[in-house]
Amino acid sequence: MNMYTCQIDLKQEAKALAFAGAIADWMEFLMDRGTIRNWRLMRRKLNLASDNHRDFLLEVEVDDLAQLDSAFRLTGQKDERIEQLHRAVHDLIASADFGLYRPFPDEERAERMALL
C-alpha cells in the first residue's frame, strides 16, 4: 500500500463544505473505477500547525504505483464527466503540495535486511 498525500489551501472565496463535497464525489468516482483503494480528508484543528502545513490534508491509498498511474491516466482522459468532477475540485484550490509515502520498513527491505 502507498499513500499519496495532498496538503491543500482553498481559494479565499471557496467554501470548505463545497470543497469537501467535490472531493467526495471525485474520490468516490476514482474508487468506483478501481484506481484508488481508499481516501480521507482532514482539516487542521484549532489552527494548530506550522506555516509549512496547509488547511486540508487529503490522503489517497493505492495498492501500488501501477494503480496510482491508472488514476492519473483516468484523470487525463477527455471525458466530460471526468473533467466536470476534476474541475469542481481543482477550481477551489489556491495551492497544494503533494507527497508519496510507503510503509517503512517495507516487506522487501525487511527481507533484504533479514538476509544480511
For region 16-42, how many residues meet the condition of being more than 13 Å from LEU58 (Cβ to Cβ), loosely packed, with under 12 Cβ neighbours inside 10 Å and of a type outside the set (Asp, Glu)? 1
Name every residue in region 50-74 that is more than 16 Å from GLY99 (Cβ to Cβ) and surrounded by 11 or more Cβ atoms within 10 Å (Cβ to Cβ), in order of residue number. ASP55, ASP63, ASP64, GLN67, ASP69, SER70, LEU74
The condition from (1) in contact with a Leu (Cβ under 7 Å, 6 or more places away or on another chain); (2) in contact (Cβ under 8 Å) with a residue 40 or more places away in the chain; (3) polar (S, T, N, Q) that SER95 misses is numbered (1)
So, of the residues in region 96-110 that are at pLDDT 95 or above and small (Gly, Ala, Ser), which turns out to be surrounded by the most Cβ atoms within 10 Å (Cβ to Cβ)? ALA96
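Quick grid of which residues meet (1) more than 14 Å from the chain's Cα centre (by Cα); (2) modelled with pLDDT under 95:
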{"residue": "LEU57", "(1), (2)": "no, no"}
{"residue": "VAL62", "(1), (2)": "no, no"}
{"residue": "LYS78", "(1), (2)": "yes, yes"}
{"residue": "ILE82", "(1), (2)": "yes, no"}
{"residue": "LEU85", "(1), (2)": "yes, no"}
{"residue": "ARG112", "(1), (2)": "yes, yes"}
{"residue": "LEU116", "(1), (2)": "yes, yes"}
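The values are calculated or read from the model by the stated rules, or taken from the named source; none is laboratory data. Keep in mind that this is a model prediction, so the values were computed, not measured. Because the Cβ atoms are built from the backbone with ideal geometry, glycine has one as well, and the counts that use them run over all protein chains shown.
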